[in-house]
1. Test of understanding: among A:Leu803, A:Leu776, which residue is aliphatic (A, V, I, L, M), within 20 Å of A:Met888 (Cβ to Cβ) and part of a helix (DSSP H, G or I)?
2. Which ones in the stretch A:157-180 are on the phi < 0 side of the Ramachandran plot and surrounded by fewer than 20 Cβ atoms within 10 Å (Cβ to Cβ)?
3. Output the number of residues of the stretch A:136-159 satisfying the condition of being in contact (Cβ under 8 Å) with a residue 40 or more places away in the chain and outside any loop (DSSP other than H, G, I, E, B).
4. Only one of A:Pro798, A:Pro787 is of a type outside the set (Asp, Glu) and without any contact (Cβ under 8 Å) to a residue 12 or more places away in the chain. Can you tell me which?
5. From the list A:Leu85, A:Leu75, A:Leu43, exactly one residue is within 13 Å of chain B (Cβ to nearest Cβ) and surrounded by fewer than 20 Cβ atoms within 10 Å (Cβ to Cβ). Which is it?
6. With the condition kept exactly as written, say whether any residue in the stretch A:662-685 is of a type in the set (D, E, K, R), in contact (Cβ under 8 Å) with a residue 40 or more places away in the chain and closer than 19 Å to A:Asn625 by Cα.
7. Can you pull out the residues in the stretch B:21-31 that are crowded, with 22+ Cβ neighbours inside 10 Å and within 8 Å of chain A (Cβ to nearest Cβ)?
8. For residues that are assigned to a loop (DSSP other than H, G, I, E, B) and either more than 11 Å from chain B (Cβ to nearest Cβ) or touching a strand residue (DSSP E or B) at 6+ places or on another chain (Cβ under 8 Å) (or both), tally how many sit in the stretch A:160-185.
Amino acid sequence: MADGYLAIILHAHLPYLRHPEGKEHLEERWLFESITECYIPLLKVLENLSRDGVDFRLTVSLSPPLMAMLTDSVLMRRYANYLDLLLELGEKEVRRTAGHPEFGPLAAFYRENLLRVKKACAQDYGWNILNGFKFLQASGKVELITTAATHGYLPLMCTEEARRAQIGVAVDAFTGCFGFSPRGFWLPECGYVPGVEDLLKERKLAYFFVDAHCFLYARPKVRSGVYAPVACRNKVAAFARDPQSSRQVWDRHAGYPGDFHYREFYRDIGYDLDLDYLRPYLPGSGIRVDTGFKYYRITGEGSLAQKAPYVPEEARARAAGHAGDFLYRRVEQVARLKKQMRRPPLIVAPYDAELFGHWWYEGPQWLEFLCRKIQEQNVIRMVTPAEYLQLYPELPTAELSAGSWGEGGYNLVWLNEANDWLYRHLHRAENKMGELADLADGAGGLEKRALNQAARELLLAQSSDWAFIMRAGTAVGYAKRRFKSHLQNFNTLAEQLEKKQVAEEFLAGLEQLNAVFPALDYRIYSRHARAGLKNLSGGRLRTAGARYRVMLLSWEYPPVTVGGLARHVHDLAHALAGHGDEVHVLTCPAPALGTDYFDRGVRVHRVKQEEITADDFFTWVEQLNRALFALGRRVAALYGPFDLIHGHDWLIEYAARGLRELLRIPLLATIHATEHGRNQGIYTELQRRIHWREGQLANEADLVITCSNYMAEEVKNLFGVPPERLRVIPNGVDPENLAQKRENELDCRVKRQRTEEPLILFFGRLVPEKGVQVLLGALPAVAARVPGARLLVAGRGPYEDYLRGLAGRLGVGERVRFVGYVDDQGRNRLLERGWAAAFPSLYEPFGIVALEAMAAGVPVVVSDTGGLSDIVEHGVDGYKVPPGREDMLAFYLSELLVNHLLADELCRRAWRKILTLYDWRYIAAATREVYGELVS
Amino acid sequence: MPTGEAELPAVYHENVLCLMVQEPTVVFAYWDLSFGHIQAVREHKDLLLCLYKSNQLIHKINLPPFTNNWYFRNVEPGSEYFCELGFRDAGGTFFPLLRSNRVNTPGLAPAEEESAEAARVTVPDLAAPLSGQEKSYQVADLFDALAFYMGFQPDK
């Protein structure tokens, strides 16, 4: 066994530089130079080592744009031409320098190198360099991994879907190239932000890399520092970069590449020789660029003019020396560390691959010497991260801190005065892409092609290179041009998609021009991808294709409807059936309908009326539960086995728990509201007993669903349910209740034409916690600004008389109409007339009424409390006011009544939100995801 | 086909207020207002940008005209921030028109307590054809099997 391990990671990436449109593009040379000076020399070094039986290990990250370019026939053909031109220049150089004691041999040296590169490309790799990497991976000594699709900088993206797409598209591209899934992931720029590990896990990625300070500031403290990996909460492993070994290679002054014997990058005949001589080999027939013929060494601190000639043999000797030094320091490091650690320390040394050979010409030689020297000793062994994890799978867990390997350690390089303007465009495109993907569920033909191309353009615009280049200040024009053109392409496609007028010629042009990721599927951007759709390509999900046989328990079910529960369970049952599940609803009696019947794909089983006879509430509840339990047993015997029980609220608690025990299947409980919350405390014996039963249900269930973050918090605090057992899934809106169909954009102006007077709506029970008194209190101020304003209060309850009196006392009696209880149709009719709706609740578990108003195109002002807080985004699709603030409620309501432009903007956004987030199909899909967790 | 230099709109007139972390001590906000909100602002007063740490107001900026972004420097590491864009009425009440997302600045203090929990991580085995077959491949064999290599021979 070794005393310590060394994992060297080379990360190879270039932005996507394919320009089929023009003859010559300067930037394509970045790729060509990297192939010639970096990728081929590295491959050759590794092949040499392999051939000589050196037991080295290396991890190579290949970025998807690089993979795409290295397998692109247009680019490779151009590269072949580029090589031929350089070889021609090489011949000329050999002739020109003939007889020169230093330059003569150097020119021949470069020409030989070029010939070797050409031979390798043509004969060894068949003009597909990835073949070289594939071969090395097969040898077991090199582990290939990948990075984000276009090297997008994950911490500065605003949606989870955008991050998921960057990761998912990359994994698919890699798998398409190599035939196996990568096990590790290089976060672009080591940019880590908490939560990324969950997206990596979705694609079965086992490990990733961060910079040292992400470990330093982790919670709890990481005992082994950066010298052992750490497991995230979800068991994805993180490795941290060792600062010491990084500095030795990276540091501009103290690092090895600055050695005076090494080749000087900035002296190139492309800048030194006569233009006429060079012209045939320069792009644009005369733009001076690097040719690779570099005859000088770094020499010293002096100016470029004072450089001495390069001597390859001397440089090679230095590389050997530096490899020895690097190893010596690692051995020293290991000797020091192993005293403090329980297992052999691991040193993780990641570098940009392009440093090796391109900037640091002798880098590949250094690497070869290093691998050979490591072979000759026993203290340190080379390892890949995957191997290390197989040796030591037990890791301490910690929550890592955010960070990157950029200047300052965080986001400064990609977010500063030179590039901050990018994000308003990028974020808008991210959101737009998600929305388009949601709205176009199952698109085909031209629409599908346009969506896929829009996703490609967004990905290309997200490349971290653009922001980096703008900050660095060289080639800024190119970066800006590229960024703007991808974004403009995206915006144009998005607009065409929204108008349902995709211009095929335009689209076809873009498909040809920006032809990256041919297998991309836009649905990866859907916000419902998590809920069952994310098995798009490769990442198979448990719920994918699964059909559940589920027992829904609810004490009320239509047509027996007391509160909102019946409607919820009904809509859920039907949406689940729509997903192909076998749904059995067990519920209260409804003598007219019988005890067992089919209702559009849902099997309804009702207990018999004669089984529940009690007048006393709790006896009644007990009878109901006994009857439900017996019914459940019969249903299970007839239709079973069931996958799970899904119970709703405390009234079925006893039956649900009994059935769970009897059938030995998981129990899922949805808690819609709590007795404590409704009453803002527990005061009576009745309440105490209900509260206790709610607690029983919450704690006995394997998982608990609540409809808002607020309710999750409440259930956690009241019953001590740990967050791991809580899931939040909002209520849905019945699509049939939507005022408009999805095909047409909502027109909010119609409402104001139907009612001449500015009408504010309220729906809800008339109880103090619904806050109608606050609304009445706001009305005088509204009337002061909007003289014709009226309020319509729909609903009844014990508070009604008080509220009527209050309206009179406030002098707004004649502005307010109390219309009593309205059914669904009555509500819809009122919604057609409302200019605005107010839901000023003091307590609100969810707030379905607000969703219904939003679905009907009525702008809403809601209390910033409970579930309402989650539903409305302030100033975007409604307004939120602190509970009880009459002045603020009055301000926003009157603004919506007078500022029609604003009202229309908000309700358009609200309507889109309902369509894309609160459709029952999505809510049921999210629920099935929880089923999947329980059943596995 | 887009050939000339592309230009992007300066703003989209869509309501957004976004807060981003630049560094542990710097957060950056950018915003965009819809025409409806611009109309509301015109009628009321100048714009204010308020920064909150957790829920406590810590900075109130009277925005100069034509600003659409702001850097807040010297904020605290390891804290939660959000901001609001709005205006103050004559009585001094602040009416936010937009509210940003919440961000957490990374902390700069190493934790005191040590990790006690451990987890067992699993590394998937690689797909069968590429494991345990060292040297059994000839490079040439490999090429023949690759569809994406077929049909391309750049040698003149």
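1. Numbers: A:Leu803 fails: within 20 Å of A:Met888 (Cβ to Cβ).
That would be A:Leu776, the only listed residue that is aliphatic (A, V, I, L, M), within 20 Å of A:Met888 (Cβ to Cβ) and part of a helix (DSSP H, G or I).
2. Here is the first cut: in the stretch A:157-180, the residues on the phi < 0 side of the Ramachandran plot are A:157-178, A:180.
Matches in the stretch A:157-180: A:Cys158, A:Thr159, A:Glu160, A:Thr175, A:Gly176, A:Phe180.
3. In the first step, residues of the stretch A:136-159 are kept if they are in contact (Cβ under 8 Å) with a residue 40 or more places away in the chain; the result is A:136-137, A:139, A:141-159.
Filter again for outside any loop (DSSP other than H, G, I, E, B), leaving A:136-137, A:142-147, A:152, A:154-156.
Residues meeting the conditions: 12.
4. Values: A:Pro798 fails: without any contact (Cβ under 8 Å) to a residue 12 or more places away in the chain.
Testing whether each residue is of a type outside the set (Asp, Glu) and without any contact (Cβ under 8 Å) to a residue 12 or more places away in the chain leaves just A:Pro787.
5. Values: A:Leu75 fails: surrounded by fewer than 20 Cβ atoms within 10 Å (Cβ to Cβ); A:Leu43 fails: surrounded by fewer than 20 Cβ atoms within 10 Å (Cβ to Cβ).
None of the other options fit; the residue is A:Leu85.
6. Kept after step one, since they are of a type in the set (D, E, K, R), are these residues of the stretch A:662-685: A:664, A:675, A:678, A:685.
Still in the running and in contact (Cβ under 8 Å) with a residue 40 or more places away in the chain: A:678.
Those left that are additionally closer than 19 Å to A:Asn625 by Cα: none.
No: the stretch A:662-685 contains no residue that is of a type in the set (D, E, K, R), in contact (Cβ under 8 Å) with a residue 40 or more places away in the chain and closer than 19 Å to A:Asn625 by Cα.
7. Initial filter on the stretch B:21-31 (crowded, with 22+ Cβ neighbours inside 10 Å): B:21-22, B:24, B:27-29, B:31.
Within the stretch B:21-31, B:Val21, B:Gln22, B:Pro24, B:Phe28 qualify.
8. Taking the stretch A:160-185 and keeping what is assigned to a loop (DSSP other than H, G, I, E, B), we get A:179-183.
Subset that is either more than 11 Å from chain B (Cβ to nearest Cβ) or touching a strand residue (DSSP E or B) at 6+ places or on another chain (Cβ under 8 Å) (or both): A:182-183.
Summing the residues that are assigned to a loop (DSSP other than H, G, I, E, B) and either more than 11 Å from chain B (Cβ to nearest Cβ) or touching a strand residue (DSSP E or B) at 6+ places or on another chain (Cβ under 8 Å) (or both) in the stretch A:160-185 gives 2.
The values are calculated or read from the model by the stated rules, or taken from the named source; none is laboratory data. As the structure is a computational prediction, the values presented were derived from the model and not from experiment. When we count neighbours, we look across all protein chains shown, and the Cβ atoms used for this are built from the backbone with ideal geometry, even at glycine.
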